[in-house]
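Undergrad: Can you read through this structure? Questions will come right after.
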Amino acid sequence: MRQALARLLQTGTAVIPHSNRQQLGLVACTSAQVLWHDNAEQQRCFSASISTATSSSQRGTAATMHRSAHPAQLPRSTWHGLHGVPSAAAPDEHPGQCREKHDQHEHHSHQPSAEATHPAVATAGIDGNEDLTEEEKASQLEEAHLAESMERLIMEAYKLLQQGDMQQAESLLQEGSLALDQGMGEGMGAGSTTHPRQAEILDQLSLFQFLQGKLREAEVSARRSLAVIHNHFELEDPAVGMCELRLGTILFSMGQYREAQTLITESYHGLKAALGDAAQVVGESQYYLAMGSLLAADTEDAIAQTDPMLMQGLRNMRANAGAGPLLVQTALREHNRLVDAELTSQNWDKAAWLFRQEIRLRNGVDPASQDLSLLLYQFATLQYTRGLYDEAEALTQFSLDIAKSVFRHDENQTMLRKHRLGTVLDCKGNPEEARQLLTQSFNHFDKRLGPKNPLTGEAQFALALSGLRRMLQARQSEGGLDIYSKVLAPQQQQDLMQQMQKGLQAMQAGFGADHMLVKKALTDYDDTASALRSV
């Protein structure tokens, strides 16, 4: 068993590049600190929990494998839970005692202890324990080696995660799970072992798959992890709560809301009672509880009332030194999925309410990010198509201001926002500035993307529409067109209409006939043509 796991770890300790740590918001941390969660109280609770099952496992009898075993009976070990952050736990510490002891451990170092990383140290007292048989001593030593192997494997996976190689990290955990099955599954192959260490690996594997959006694979891993945990722990144990949380978040992402809500609710109450409000997993469960309430919200006030729970949940998740940024990114991804669902259903009001909430959340997490700039642009486009031009202008300008900073080397992004601003200003009756912006965007997209690109087509359509609107205004003015303009007007009008048709064709081909921008363009085309015929 140890040999199989050792082969997985022959690469040794990986070095986290500074640029990658900076991208994850981890510049201030050393590579060792990154791998150890800041919440020592939570670590001790899970360490006590896993010790129960591993001690029972090494004795190997059915009677000692039941879920009512008491953590105080057992030696030190580790439980990574959802974080990949191993730590040592006092052997006489019950999960329920963790909160009482928090103050005296508040400034405890979060580096790995010798007992957590070196099995020889962790088992130094085995030979001196006259109550153990030689077979039991050998079993405990084997368990200590297994604990170290699992700990190193998960740490290596997190190093790969921080290097940006999540696929390789996932593969490493999959190989570790298979090695456990082969070494402890009595030759029965994958899925055969119910050793509690398997729950650790599967829990981490489900998290990594969830972060990548591999929801089906994540569900399989999470369900098996929870099933293994149920064999060893009472329902109120934090280890159970953490596995329930992971499965619940995965099911929520898959749209299986009923089962997800049950699991997340149970995990929230259990983890809060064991770990307190500040724990990262409590924040994550709180976040997804609030997300569940958004499904039934039917007013903007009802949605806004969930802001405090969502924001606190994001803060708690971000405190996870190992996967915090990715947990936050995934949580916001799930909120954006709710926005997309309302857009697909053409429930424009609720989509707008959720857009505004997500802007508040992203602005609270990172007020100058590319994601926020994109979200603002998307919402501006929605409001533009709905004819809400004042809000669309403010949103586009906000998005453009951020884009000028975060997309300094990507002119396409800033031009896209200038283009949208031009379309909005033209609808607001500011043709001069609109025409200047739209001319820039058309020339840019025509050169960079080609005439058949839908963005080029929209710019071409908007420019022609602006010209027709100016012609219409001149006709409707008190003096009307002068003689020279009257002579040229029919040909100019025909040319502009042809440009609009050409641009509209590119939009329909690229965006699709049902796209909201295409529908708005068709409405604007018909309205302008009708107005021209009436004067």
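Undergrad: Would you mind listing the helices (runs of 4 or more DSSP H) fully within the stretch 156-257 where at least 3 residues are out of contact with any Ser or Thr (no Cβ under 6 Å at 6 or more places or on another chain) and either open to solvent by 10 Å² or more (accessible area, probe 1.4 Å) or without any contact (Cβ under 8 Å) to a residue 24 or more places away in the chain (or both)? Break it down into steps so the answer makes sense when it comes.
TA: Working: elements: 166-184, 196-211, 215-230, 238-253.
Output list reads 166-184, 215-230.
Undergrad: Among the residues of the stretch 366-396, which ones are in contact with a helix residue (DSSP H, G or I) (Cβ under 7 Å, 6 or more places away or on another chain), farther than 21 Å from His515 by Cβ and in contact (Cβ under 8 Å) with a residue 12 or more places away in the chain? Let's see the steps before the verdict.
TA: Our first condition is that a residue be in contact with a helix residue (DSSP H, G or I) (Cβ under 7 Å, 6 or more places away or on another chain); within the stretch 366-396, this holds for 366, 368-373, 375-377, 379-386, 389, 391-393, 395-396.
Imposing the further condition that a residue be farther than 21 Å from His515 by Cβ reduces the set to 366, 368-373, 393.
Result: Ala368, Ser369, Gln370, Asp371, Leu372, Ser373, Glu393.
Undergrad: Is it the case, given these coordinates, that Arg448 is at pLDDT below 95 and either over 37 Å from the mean Cα position of the chain (by Cα) or over 22 Å from Gln505 (Cβ atoms) (or both)? Outline the logic, then answer.
TA: Working: at pLDDT below 95: yes; either over 37 Å from the mean Cα position of the chain (by Cα) or over 22 Å from Gln505 (Cβ atoms) (or both): no.
No: the conditions fail for Arg448.
Undergrad: Checking Arg333 against (1) open to solvent by 60 Å² or more (accessible area, probe 1.4 Å); (2) in contact with a helix residue (DSSP H, G or I) (Cβ under 7 Å, 6 or more places away or on another chain), which test does it fail?
TA: All conditions pass for Arg333, except number (2).
Undergrad: Okay, next question. What residue, among those in the stretch 367-383 that are under 27 Å from Cys427 (Cβ atoms) and among the aliphatic types (A, V, I, L, M), is surrounded by the most Cβ atoms within 10 Å (Cβ to Cβ)?
TA: Ala380
Undergrad: Go over the candidates Gly364, Gly387 one by one and state the one that is open to solvent by 10 Å² or more (accessible area, probe 1.4 Å) and at positive phi.
TA: On the way: Gly364 fails: at positive phi.
Step by step, each of Gly364, Gly387 is checked, and only Gly387 is open to solvent by 10 Å² or more (accessible area, probe 1.4 Å) and at positive phi.
Undergrad: Determine whether Leu289 is closer than 27 Å to Lys214 by Cβ, crowded, with 17+ Cβ neighbours inside 10 Å, at pLDDT 95 or above and not small (Gly, Ala, Ser). Break it down into steps so the answer makes sense when it comes.
TA: Working: closer than 27 Å to Lys214 by Cβ: yes; crowded, with 17+ Cβ neighbours inside 10 Å: yes; at pLDDT 95 or above: yes; not small (Gly, Ala, Ser): yes.
Yes: the conditions hold for Leu289.
Undergrad: Here are some conditions: (1) closer than 27 Å to Pro325 by Cα; (2) assigned to a helix (DSSP H, G or I); (3) modelled with pLDDT of 75 or more. Leu146 meets all but one. Which one does it not meet?
TA: (1)
Undergrad: Considering each of Thr528, Thr439 in turn, give the residue that is among the β-branched types (Val, Ile, Thr) and modelled with pLDDT of 90 or more.
TA: Working: Thr528 fails: modelled with pLDDT of 90 or more.
Thr439 is the lone residue from the list that is among the β-branched types (Val, Ile, Thr) and modelled with pLDDT of 90 or more.
Undergrad: What number of residues within the stretch 451-497 are acidic (Asp, Glu), open to solvent by 40 Å² or more (accessible area, probe 1.4 Å) and either more than 49 Å from the chain's Cα centre (by Cα) or modelled with pLDDT of 95 or more (or both)? Spell out how you get there, then give the answer.
TA: Residues of the stretch 451-497 acidic (Asp, Glu): 458, 478, 482, 495.
Right, trim to open to solvent by 40 Å² or more (accessible area, probe 1.4 Å) and you get 478, 482, 495.
Checking which are either more than 49 Å from the chain's Cα centre (by Cα) or modelled with pLDDT of 95 or more (or both) leaves us with 478, 482.
Within the stretch 451-497, residues that are acidic (Asp, Glu), open to solvent by 40 Å² or more (accessible area, probe 1.4 Å) and either more than 49 Å from the chain's Cα centre (by Cα) or modelled with pLDDT of 95 or more (or both) number 2.
Undergrad: Would you check if Ala331 is under 30 Å from Leu463 (Cα atoms) and either touching a Leu at 6+ places or on another chain (Cβ under 6 Å) or modelled with pLDDT of 95 or more (or both)?
TA: When the stated conditions are applied, Ala331 does not pass them.
Undergrad: Here are some conditions: (1) open to solvent by less than 40 Å² (accessible area, probe 1.4 Å); (2) assigned to a helix (DSSP H, G or I). Asn320 meets all but one. Which one does it not meet?
TA: Exception for Asn320: condition (2).
Undergrad: If you check Gln413 against the conditions, is it under 23 Å from His515 (Cα atoms), surrounded by fewer than 23 Cβ atoms within 10 Å (Cβ to Cβ), in contact with a Phe, Trp or Tyr (Cβ under 8 Å, 6 or more places away or on another chain) and at pLDDT below 95? Talk me through it step by step, then tell me what you get.
TA: Details: under 23 Å from His515 (Cα atoms): yes; surrounded by fewer than 23 Cβ atoms within 10 Å (Cβ to Cβ): yes; in contact with a Phe, Trp or Tyr (Cβ under 8 Å, 6 or more places away or on another chain): yes; at pLDDT below 95: yes.
So Gln413 fits the description; yes.
Undergrad: Looking at (1) within 30 Å of Leu388 (Cα to Cα); (2) open to solvent by 50 Å² or more (accessible area, probe 1.4 Å), can you tell me which one Asp277 breaks?
TA: The single condition Asp277 does not satisfy is (1).
Undergrad: If you scan the stretch 170-196, which residues turn out to be modelled with pLDDT of 85 or more and closer than 20 Å to Leu245 by Cα?
TA: Glu170, Leu173
Undergrad: Against the definition (without any contact (Cβ under 8 Å) to a residue 60 or more places away in the chain and part of a helix (DSSP H, G or I)), how does Gln286 come out, yes or no?
TA: Numbers: without any contact (Cβ under 8 Å) to a residue 60 or more places away in the chain: yes; part of a helix (DSSP H, G or I): yes.
Yes; evaluated as a whole, the condition is true for this residue.
The values are calculated or read from the model by the stated rules, or taken from the named source; none is laboratory data. Everything numeric here is computed off the predicted structure, so don't read it as measured data. Here the Cβ is made from the backbone with ideal geometry for all residues, glycine too, and neighbour counts use every protein chain on show. These accessible areas exclude ligands, DNA and RNA; they are computed on the full protein's heavy atoms, side chains included. Shrake-Rupley method; radii C 1.70, N 1.55, O 1.52, S 1.80 Å.
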